[in-house]
Amino acid sequence: MATRKRQKRAAAKAAMKRTAVKRTAAKKTAGKEVVKLAAGGKAKRVAVRANGLPKPSTKPWGKAGKALDGVRILDFTHVQSGPTCTQLLAYMGADVIKVERPGVGDITRGQLRDVKGADSLYFTMLNGSKRSITIDSKHPKGKEILDRLIKHCDVLVENFAPGALDRMGLTWEHIHKTNPRMIVASVKGFGPGPYEDCKVYENVAQCAGGAASTTGFREGPPLVTGAQIGDSGTGLHLAFGIVSALYQRIRTGRGQRVLCAMQDGVLNLARVKLRDQQRLAHGSLTEYSQYGEGVPFGKAVPRAGNDSGGGQPGWILKCKGWESDPDSYIYFITQAPVWGAICDLIGKPEWKTDSDYATPPARLPRLRHIFDTIEQWTMTKTKFEVMDICNAVDIPVGPILSMKEIAEEPSLRKTGTVVEVDHPTRGKYLTVGNPIKMSDSITEVRRSPLLGEHTEEILGKELGYSKAEIAEIKTSGAITAPEKGARAEAA
């Protein structure tokens, strides 16, 4: 009995000693270097504070690496929604390895081709700053390479048709077992529900997400917008989901699935129209021009032409030169706080005190006449003159910029929003740079890869295959195009 008590006392003392050692070690660790696992599983030595965060870098701003340095993305995407996501992650510093079918690659390499024998702009503008590896996913050696890539990477991104990844043998269960830290991110057309197995493309998403029904003029049919809110918009949503999952993984140590449905993404971008649908149950939408024109509202949010969606009346007006230039227009908002300035500019100072025009409610039935009057003034100026004059007195306006004007705008080149890139087969082309600007993470926009350009580099440097093994893989057909007539489905 006494022996047992002595053992308990000794165990308690040992436990107290271990606790004290841990506390002392924590104090000693603060401000010193410790080994931490970086993204991608690489161990690196970093200085940390008592709160576990690294000490502020002493390197100059913009020289401390990119936001996603060390993160590896396994890119199974094609066409637009997925490539938009992975290119943005590449701009942020992630190493994006694009997996393509040997001899074929992403279908957009050959779509809308403008330079014979070269990758199309459709492909190059969505796949910059990535590396390309070709793999036949049905070949046994190809499957082995894919499994090794899954172990090697942090995130797998795909926008295949529903069930395609599973048919390749890359189920969530298989991926999670192979690499428990792997994040699997997917773009699908619809979320779980009656339409989840349907294929969806850009315009389908705009229609199913509610955007098309509210776009256009009420006298005409629904319209889709030229902005790719279904594809590129969903890609941006997915990138945010991936970064959030990476951040959570720091805490949990495990990966998870991230799903972005195109219908959901479009609806998120059209949320003000869902707002208006609910307001409609309580009366007319007074900022819509049809209210002022006495046109009754129906049960659903109507198409509103060029009405402003922010509650302030707005319209697109002609500017000087509109007869020959289809883009000589400006968007003009009759914001209440600057109504007096608008009246002075257009030569109607009496409207400031006229009971028919002095207040926003009084102006609502007269919006068409008001904008016609403002247009008589804008037609005497170029859109840029209107912008200069109006901005000087805080009147919100926006010129209708053509793609030609955007491509040639010096300020967009200077900020890296529009970037000129040199390509080995098609020459120089313009692409859209990183739309997100960060003060301590400088974006480098590189050209898109040639098909399979980095296959050997990835096999050797990243996956550890020897030169002899790579030569054997080449002859096996796992990374090369099948002979003519042979059927092979690849990743």
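Helix 367-378 and the long axis of the chain differ in direction by around 90°, with both axes built from C-alpha atoms.
Extension gain for the segment residue 174 to residue 437, taken as residue separation times 0.36 nm less the Cα-Cα distance, is 91.0 nm to one decimal.
Taking amide H as placed 1.01 Å from N in the peptide plane, the amide H of residue 261 sits under 5 Å from that of 188, each at least 5 places away or on another chain. Helix 2-29 axis versus longest C-alpha principal axis of the chain: approximately 50°, rounded to the nearest ten. Working note: Karplus 6.51/-1.76/1.60 with θ = phi - 60° gives region 285-301 the couplings 8, 5, 7, 7, 4, 5, 5, x, 8, x, 8, x, 8, x, 8, 10, 4 Hz, where Gly and Pro are set to x. With a ≥ b ≥ c taken as the square roots of the eigenvalues of the C-alpha gyration tensor of region 354-413, please select rounded if a/c is under 1.5 and otherwise prolate if a/b is larger than b/c or oblate if it is not? Prolate shape, in that a/c is at least 1.5 and a/b is the bigger ratio.
Looking at region 351-491, the pairs of alpha carbons with a distance over 24 Å make up 65% of the total.
From helices alone, the chain scores -10000 deg cm²/dmol at 222 nm; the rule is -39500 (n - 2.57) for each run of n ≥ 4 DSSP H residues, then divide by the residue total. Solvent-accessible surface (1.4 Å probe) assigned to residue 69 amounts to roughly 80 Å².
Heavy atoms of the protein chains alone define the surface here; on that basis the chain has 55 Å² accessible area per residue at 1.4 Å probe size.
Amide H contacts for residue 185 (H built 1.01 Å from N in the peptide plane; partners 5 or more residues away or on another chain; cut-off under 5 Å): 156, 157, 158, 258. For region 295-338, backbone nitrogen atoms closer than 17 Å to the point 7 Å from residue 388 Cα along Cα-to-C-beta are found at 319-321, 329-330. If you look at the Cα atoms of region 266-377, you get an Rg and a Dmax of 15.4, 45 Å.
When the Karplus curve 6.51 cos²θ - 1.76 cosθ + 1.60 is applied with θ = phi - 60°, which whole-Hz ³J(HN,Hα) does each residue of region 134-149 get, with x for Gly and Pro? Once θ is set to phi - 60°, the couplings for region 134-149 become 9, 9, 8, 6, 8, 7, x, 5, x, 5, 5, 5, 4, 5, 5, 5 Hz. If you roll a 1.4 angstrom probe over the protein chains with everything in place, what fraction of the accessible area of region 298-413 belongs to carbon and sulfur, to the nearest %? Here carbon and sulfur together make up 56 percent of the probe-accessible area.
Over the chain, Cα pairs under 8 Å with separation of 6+ residues give a relative contact order of 19 percent.
Ordered by 1.4 Å accessible area with all protein chains kept, 190, 240 run largest first as 240, 190. Taking every alpha-carbon pair in region 395-462 and binning the separations at 10 Å intervals from zero gives 16, 33, 31, 14, 4, 2 percent.
These residues, 454, 423, 282, 176, go from largest to smallest accessible area, 1.4 Å probe, as 282, 176, 454, 423.
Binning the alpha carbon pair distances of the chain at 10 angstrom intervals from zero yields the distribution 4, 15, 21, 21, 16, 12, 7, 3, 1, 0, 0, expressed in whole percent. Sorting 456, 462, 100 on solvent-accessible area from highest to lowest, probe radius 1.4 Å, gives 456, 462, 100.
Once the Kirkwood radius over Cα pairs is known for region 220-295, the Stokes-Einstein relation at 37 °C and 0.692 mPa s delivers a diffusion coefficient of 211 µm²/s. Residue 417 sits among other residues whose Cβ lies under 10 Å from its own Cβ, and their net charge, with Lys and Arg +1 and Asp and Glu -1, is +2. Can you bin region 300-341 into rounded, prolate or oblate? Criterion: square roots of the alpha carbon gyration tensor eigenvalues sorted a ≥ b ≥ c, rounded for a/c under 1.5, prolate for a/b above b/c, oblate for the rest. The shape class here is oblate. A Förster distance of 22 Å, applied to the separation of the beta-carbon atoms of residue 379 and residue 344, puts the FRET efficiency at 0.75.
Here the accessible area of region 136-200 is 53 percent carbon and sulfur, with a 1.4 angstrom probe and all protein chains present.
Computed from the alpha carbon positions, the gyration tensor of region 106-227 leads to an equivalent ellipsoid with semi-axes of 33, 22, 12 Å, biggest first. Amide H contacts for residue 200 (H built 1.01 Å from N in the peptide plane; partners 5 or more residues away or on another chain; cut-off under 5 Å): 189. Evaluating 6.51 cos²θ - 1.76 cosθ + 1.60 at θ = phi - 60° for every residue in region 235-247, the Karplus couplings come out as x, 5, 4, 5, 4, 5, x, 5, 4, 5, 5, 5, 5 Hz, glycine and proline recorded as x.
The values are calculated or read from the model by the stated rules, or taken from the named source; none is laboratory data. Nothing here was measured: the structure is a model prediction, and the numbers come from that model. Virtual Cβ from ideal backbone geometry, glycine too; neighbours counted across all protein chains shown. Areas reflect the complete protein model, heavy atoms only, side chains present, ligands, DNA and RNA absent. Shrake-Rupley method; radii C 1.70, N 1.55, O 1.52, S 1.80 Å.
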